[in-house]
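Let me begin by presenting the structure, written as structure tokens, before commenting on it.
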Amino acid sequence: PLIVILHGGFWQNQYRKDLMTDMAGDIALSRLGAVWNVEYRRVGRGGDGGYPETFLDVAAAMDYIPKIASEYAVDPTNVVVIGHSAGGHLAAWTGMRTSLPSGAVGANPQIIPSLVISQSGVLDLRQAYEKFIGGYAVPSLLGTSQG
């Protein structure tokens, strides 16, 4: 399979895909499949991400897979997405894009993951917002104020 990995760090700009470099290397060395360590725009100091940019980046990466499948000899029907924390949230989102209404950010995906693994994913944004988990992470992602 092609294994797409998404890093965590509460979507914050100071955390980059290099958080997943060791994991990507371990997957590659174990020959479990090809690995793509995806970066996305993030929020916080110096970041230009949040909604919709962060989601657009992840959707664009996923939808780019058919364009690179033959070049990298990967099967676009066998894509596994693994994410940790904020990346777990985004990984889960890739798996439900088919249920988004037409016109929504990420709707009409070109790729449907065959498996999604969310490692400690921030899956309940409402609860994370209400309990101030990660400080201003969720409000920053969604472009809202904490109140």
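The values are calculated or read from the model by the stated rules, or taken from the named source; none is laboratory data. The shown structure was predicted, so the numbers you read here are calculated from the model rather than taken from an experiment. Cβ placement follows ideal geometry from the backbone for every residue including glycine, while neighbour counts extend to all protein chains displayed. The protein model used for the area step is the full one, side chains on, heavy atoms only, and it has no ligands, DNA or RNA in it. Shrake-Rupley method; radii C 1.70, N 1.55, O 1.52, S 1.80 Å.
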GluC sites (Glu not before Pro) within region 7-90, DSSP loop, no more than 13 other Cβ atoms inside 10 Å: E71
Of all accessible heavy-atom area on the chain, the percent that carbon and sulfur account for (1.4 Å): 53 percent
Lys/Arg +1, Asp/Glu -1 at C-beta; the chain dipole; positive extreme among A86, G25, A60: A86
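Under 13 Å from the Cβ of D124, count the other residues' Cβ atoms, weight Lys and Arg +1, Asp and Glu -1, and hand me the total.
Details: positive: R126, K131; negative: E130.
Charge balance near D124 sits at +1.
In what order, largest first, do I117, I5 sit by accessible area if the probe radius is 1.4 Å?
Details: I117 65, I5 0 Å².
So the residues, ranked largest to smallest area, are I117, I5.
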Per-q log10 I(q)/I(0), region 65-141, q = 0.11, 0.13, 0.21, 0.24 Å⁻¹ (Debye; single scatterer per alpha-carbon; no solvent): -0.36, -0.48, -0.98, -1.11
Under 5 Å, built H, 5+ apart or other chain: amide partners of W36: I3, V4, I5
Simple label model, 7 Å out from Cα along Cβ direction - D48 to S102, nm: 3.2 nm
Extension gain (nm, one decimal) between A73 and S114, 0.36 nm per residue minus Cα-Cα: 13.1 nm
With all protein chains modelled, accessible area of K67 [1.4 Å, Å²]: 140 Å²
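Where does the chain land on Rg/Rh, using Cα atoms and the Kirkwood Rh? Before the final figure, lay out the partial values.
Working: Rg = 15.0 Å, Rh = 15.5 Å.
In the chain, Rg relative to Rh is 0.97.
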Helix 21-30 vs. the chain, principal-axis angle (Cα, 0 to 90°, nearest 10): 20 degrees
Dipole in debye (nearest 20) - region 1-120, about Cα centre, beta carbon charges: Lys, Arg +1; Asp, Glu -1: 160 debye
